[in-house]
Structures are given as C-alpha cells and as structure tokens.
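Worksheet: one structure, shown below.
The values are calculated or read from the model by the stated rules, or taken from the named source; none is laboratory data. No experiment lies behind these values; they were computed from the predicted model shown. Cβ placement follows ideal geometry from the backbone for every residue including glycine, while neighbour counts extend to all protein chains displayed. Quick note on the areas: whole protein, heavy atoms, side chains included, nothing else; ligands and nucleic acids left out. Shrake-Rupley method; radii C 1.70, N 1.55, O 1.52, S 1.80 Å.
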Amino acid sequence: DPGTQLPIGLLMKDGVVHSGPYGRRGALTMTLFGNLEFSAPSLKLHATVLGQTVEIDGLNRPPHANGLFLYTDRYALPIRSEAPLKAVRLRHGFVVSVTENGLVLPDGESVLLVATGPARSRLGGLRPGDTVKISQTLASAPLFVREAVSAGPLLLKDGQIVLNTQAESFSDEFSRAQAARSVVALTESGNLLF
C-alpha cells in the first residue's frame, strides 16, 4: 500500500504469516518441498487467553474501532486508536505487560495483541506472567506452505481465461487503469516465469 507501506494481501516467509489475505485474492505459494502453486487461501487466527479461544480479527494492520489485532515482532509502525484500546505485549508466549491507552509502540522484540472498543473483553484479565497461545490456520492452501505472496488478479488457470476482478476484490478503477504491471506464471512443465 503506497500510503502505509504495508503489504496488501498474504505475505508468508519461512512459515510465518506477516500479512493476511485480502479478500479472495490469489497467492503464489511455495511448499516445504519447493512446489509452486497459485491458490486463494484464507487465514484464521486465534488466541488462547485464560483458557478461552478468541478470534483475532486482523494481522499487522491499523486497528478499527472494535476488534482484536495481532502485531508480529516485525511490525514497526505506531499503533493508534480513537476507540479505547488495550495492548498486551508477549514474549515467547508470556505476557510481559498490559497497557490501556491510545498509542502503542512496537519494540521489534515483542508480539502485540491490541484490542479496541468492546473487543477489549476478549483479552480478559490478563496480567504479566500469564500465557497466551497464538494459532493460525491457512485454509484452501497447499499442504506445508512455507512461502506465499498475494498477487492478482489471476488471468489464466490451466490455459483458460479466469479473470474475475470482482471476486478478487479489485476495484473497477484498478481493472481499467493502464500501468506497467508484473506477471508471474507457471508453465505446464513447472517453470516459473517473471
């Protein structure tokens, strides 16, 4: 995104998801065994907080007024919210601090769970020393995915035109814009073309 410098869509490196899928946009994935495939995966994130499993609404994205968001140790932008905010800083699955204010600064070493508005209740009464387990499920993706990057729109699949910009959440304006673009393709024999 030119405005935030954050990836738009799925970005996965060494098995760690750094940005979640955007809509149903396709992604180029690589498995542990080096197999390449285009797919449209979805990501589900959960946290186990004080024995309860709660849904995480976003990953490494600016928060909206009512949600629970996960920020990895690589996220470096200040996190602000006009809505009441609760931030839990985690290291190796242990809570190291809990704060409630409108600004959170990542430190490059901690994972942050930030809840805004009514979603603050999802973090319960967490205190330093408590444990929190983060889990992720990448559905509709090949098994053992280690690397992934969103792209799109998908133009061809198995040699047939499959262009559907609306299904992949591309605006009509984007679809009609004339600009230099990159193309990634897999040939029938499995060669990767850029």
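Tabulated results
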{"item": "Residue that is modelled with the lowest pLDDT, among those in the stretch 101-114 that are within 14 Å of Ala83 (Cα to Cα) and surrounded by 12 or more Cβ atoms within 10 Å (Cβ to Cβ)", "result": "Gly102"}
{"item": "Close pairs from the stretch 57-72: first of a type in the set (Lys, Arg), partner outside any strand (DSSP E or B) and open to solvent by 10 Å² or more (accessible area, probe 1.4 Å), Cβ under 8 Å, at least 6 apart", "result": "Arg61/Leu6; Arg61/Gly20"}
{"item": "All positions within the stretch 46-60 that are open to solvent by less than 60 Å² (accessible area, probe 1.4 Å) and either in a strand (DSSP E or B) or more than 22 Å from Val96 (Cβ to Cβ) (or both)", "result": "His46, Ala47, Thr48, Val49, Val54, Ile56, Gly58, Leu59"}
{"item": "So Leu70, is it more than 14 Å from Leu138 (Cα to Cα) and either modelled with pLDDT under 90 or in contact with a Ser or Thr (Cβ under 6 Å, 6 or more places away or on another chain) (or both)", "result": "no"}
{"item": "Any hit, the stretch 87-100, residues being modelled with pLDDT under 90, open to solvent by 40 Å² or more (accessible area, probe 1.4 Å) and basic (Lys, Arg)", "result": "no"}
{"item": "Members of the stretch 62-74 that are within 21 Å of Val16 (Cα to Cα) and either touching a helix residue (DSSP H, G or I) at 6+ places or on another chain (Cβ under 9 Å) or buried (at least 21 other Cβ atoms within 10 Å of the Cβ) (or both)", "result": "Pro63, Leu68, Phe69, Leu70, Tyr71"}
{"item": "Extreme residue, farthest from Leu36 (Cα to Cα), among residues of the stretch 115-137 that are in contact with a Lys or Arg (Cβ under 8 Å, 6 or more places away or on another chain) and open to solvent by 30 Å² or more (accessible area, probe 1.4 Å)", "result": "Arg120"}
{"item": "Long-range neighbours under 6 Å by Cβ, at least six apart or interchain, first residue without any contact (Cβ under 8 Å) to a residue 40 or more places away in the chain within the stretch 146-162, second of a type outside the set (Gly, Ala, Ser)", "result": "Leu155/Leu163; Val162/Leu154"}
{"item": "Pro153 being in a loop (DSSP other than H, G, I, E, B), open to solvent by less than 50 Å² (accessible area, probe 1.4 Å) and under 21 Å from Gly67 (Cβ atoms)", "result": "no"}
{"item": "Check on Arg120, among the basic types (Lys, Arg), within 23 Å of Leu28 (Cα to Cα) and either touching a Gly at 6+ places or on another chain (Cβ under 6 Å) or not in a loop (DSSP other than H, G, I, E, B) (or both)", "result": "no"}
